Amino acid sequence: MTRVLHLSDPHFGAADSSIAEIFLAKAAELSPDLTILSGDLSMRARHEELTEAKQFVASLPTPYLVIPGNHDVPGLNQPLDRFFTPFRRYQSYFGKTLEPEFKSPGFHVVSLNSTRAFGFHADWSEGILSSRQLSRMKNRFVNAERDFRILVLHHPLLAPPNHTRSVVKPLPALLSAISECQIDLVLCGHFHRSLLAVAGSVNGWTCVVSQAATVCSTRLQGEPQGFHEILIEDDHIEIIRYVFDEGQFTPTSTTGFLRDQTGWHPPGLPQSHEIISPV
Ligand SMILES: [Fe+2]
Ligand SMILES: [Fe+2]
């Protein structure tokens with residue numbers, strides 16, 4: 001069995017350092033095989049925030065994989081940095097690669113940087129992927145062995161109930177690429193809301209989606225801090241949702257998924273948890 005910890009959106013600069021410490025102790029206790037942090041490490045990529053974020057990341061169980069989110073670029077009050085070198089500060093703390101890849105026997109993790117510092121769209125916090133990025137992702141997966149395939153991006157595929165913010169664009173193209181690559185598991189953050197689902201194209205492949213809440217920030221969106229522990233064994237995934245409550249992270253629910261020739265399915269969940277995009 002392989003154990004993956006999925007955490008997101010620590011937002012140093014607006015983080016509760018005591019919750020960060022409690023998470024790190026819990027993570028060490030769980031002793032995962034892989035830890036994945038799906039973006040928004042800081043508030044505005046300020047040096048003091050990134051210094052704190054780097055200390056936190058250095059304390060995560062190894063190996064770990066970290067990607068930037070829309071908060072990891074400088075704010076609009078620093079237009080030169082924002083428009084000309086949006087990721088320079090993040091890269092000076094976390095390395096040049098904005099789309100890190102990880103391989104271990106039986107596992108293959110690819111990431112996508114969905115953050116755009118600016119663009120022709122109205123909301124610059126939205127997640128956008130280019131066709132070039134999707135092609136590169138497909139090449140990375142398709143030209144590799146058929147290991148358990150994990151995709152990590154900051155912006156979510158699915159909006160929680162009663163939520164009006166945009167999901168990553170273009171979603172149909174991403175779902176089609178997921179189907180083509182037969183990706184098993186997609187990890188996202190951004191909404192600060194925990195959501196587990198399957199997603200895929202009609203008559204195509206469906207993957208499991210893990211969208212994590214914020215792990216330790218005070219920027220709550222109607223639910224407490226939390227993270228996901230993902231247990232993978234052959235054709236079975238179990239995701240344990242941890243929620244911060246009364247000074248500790250407590251497991252609150254376990255959701256199972258089974259794999260067949262059409263992908264992953266949630267045997268015990270109502271249909272409303274299954275989101276199929278009409279591509
Ligand atoms: Fe965030
Ligand atoms: Fe975000």
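Looking only at segment 20-56, count every residue that is within 16 Å of ligand 1 (Cβ to nearest atom) and open to solvent by less than 70 Å² (accessible area, probe 1.4 Å) and tell me the total.
So in segment 20-56, the residues within 16 Å of ligand 1 (Cβ to nearest atom) come out as 20, 23, 36-46, 49-50, 52-53, 56.
Filter again for open to solvent by less than 70 Å² (accessible area, probe 1.4 Å), leaving 20, 23, 36-45, 49-50, 53, 56.
Going through segment 20-56 one residue at a time, the tally reaches 16.
Please identify the pairs in which a residue from segment 27-47 that is modelled with pLDDT of 95 or more has its Cβ atom under 9 Å from the Cβ atom of a residue that is hydrophobic (A, V, I, L, M, F, W, C) and open to solvent by 60 Å² or more (accessible area, probe 1.4 Å), counting only partners at least 6 apart or on another chain.
33/1
Tell me, yes or no, whether segment 117-135 has at least one residue that is among the charged types (D, E, K, R), within 18 Å of the chain's Cα centre (by Cα), open to solvent by 80 Å² or more (accessible area, probe 1.4 Å) and modelled with pLDDT of 95 or more. Steps first, answer last, please.
From segment 117-135, those among the charged types (D, E, K, R) are 123, 126, 132; that's our starting set.
The next check asks that each one be within 18 Å of the chain's Cα centre (by Cα); those that pass are 126.
Within this subset, residues satisfying the condition of being open to solvent by 80 Å² or more (accessible area, probe 1.4 Å) are none.
The answer is no; no qualifying residue exists.
Any chance you could count how many residues in segment 228-253 are open to solvent by less than 60 Å² (accessible area, probe 1.4 Å) and either among the aliphatic types (A, V, I, L, M) or more than 20 Å from residue 28 (Cβ to Cβ) (or both)?
Step one: list which residues in segment 228-253 are open to solvent by less than 60 Å² (accessible area, probe 1.4 Å), which gives 228-232, 237, 239-240, 242-244, 247, 249-250, 253.
In the following step, the residues that additionally are either among the aliphatic types (A, V, I, L, M) or more than 20 Å from residue 28 (Cβ to Cβ) (or both) were identified as 230-232, 237, 239-240, 243, 253.
Total meeting the criteria: 8.
Could you pull out the residue among 103, 96 that is among the basic types (Lys, Arg) and under 18 Å from the mean Cα position of the chain (by Cα)? If you could, list the steps in order and put the result at the bottom.
Working: 96 fails: under 18 Å from the mean Cα position of the chain (by Cα).
Only one candidate passes the filter, namely 103.
Would you please name the residue that is surrounded by the fewest Cβ atoms within 10 Å (Cβ to Cβ), looking only at residues in segment 57-85 that are over 18 Å from the mean Cα position of the chain (by Cα), within 20 Å of residue 155 (Cβ to Cβ) and away from ligand 2 (no atom under 14 Å from the Cβ)?
Residues of segment 57-85 that are over 18 Å from the mean Cα position of the chain (by Cα), as a first pass: 58-59, 74-85.
Remaining after also requiring within 20 Å of residue 155 (Cβ to Cβ): 74-76, 82.
With away from ligand 2 (no atom under 14 Å from the Cβ) added as a condition, the list becomes 74, 76, 82.
Numbers: 74: 22, 76: 12, 82: 18.
Out of the qualifying residues, it is 76.
Residues of segment 206-250 being of a type in the set (S, T, N, Q), at pLDDT 95 or above and within 16 Å of ligand 2 (Cβ to nearest atom), which ones?
Keep residues of segment 206-250 that are of a type in the set (S, T, N, Q), which gives 206, 210-211, 214, 217-218, 221, 225, 248, 250.
Adding the requirement that they be at pLDDT 95 or above leaves 210-211, 214, 217-218, 225, 248, 250.
Selection gives 210, 211, 214, 217, 218, 225.
Could you tell me whether segment 214-232 includes any residue that is of a type in the set (Phe, Trp, Tyr) and within 17 Å of residue 250 (Cα to Cα)?
So the first thing to find is which residues in segment 214-232 are of a type in the set (Phe, Trp, Tyr), and the list is 227.
Narrowing further to those that are within 17 Å of residue 250 (Cα to Cα): 227.
Yes: segment 214-232 contains one or more residues that are of a type in the set (Phe, Trp, Tyr) and within 17 Å of residue 250 (Cα to Cα).
Pick out the one residue from 210, 179, 217, 201 that is open to solvent by less than 10 Å² (accessible area, probe 1.4 Å) and more than 15 Å from the chain's Cα centre (by Cα).
On the way: 210 fails: more than 15 Å from the chain's Cα centre (by Cα); 179 fails: open to solvent by less than 10 Å² (accessible area, probe 1.4 Å); 201 fails: open to solvent by less than 10 Å² (accessible area, probe 1.4 Å).
Of the residues listed, the single one that is open to solvent by less than 10 Å² (accessible area, probe 1.4 Å) and more than 15 Å from the chain's Cα centre (by Cα) is 217.
Please list, ordered by residue number, the strands (runs of 3 or more DSSP E) wholly in segment 103-195 having 1 or more residues that are of a type outside the set (Phe, Trp, Tyr) and closer than 21 Å to residue 219 by Cα. Outline the logic, then answer.
Values: elements: 107-112, 148-153, 185-188.
The strands (runs of 3 or more DSSP E) meeting that bar are 148-153, 185-188.
The values are calculated or read from the model by the stated rules, or taken from the named source; none is laboratory data. Bear in mind the structure is a predicted one, so any value in this text is a computation, not a measurement. Quick reminder, even Gly has a Cβ in these numbers, built from the backbone with ideal geometry, and neighbours come from all protein chains shown. Heads up: the accessible areas ignore ligands, DNA and RNA and are worked out on the full protein's heavy atoms, side chains in. Shrake-Rupley method; radii C 1.70, N 1.55, O 1.52, S 1.80 Å.
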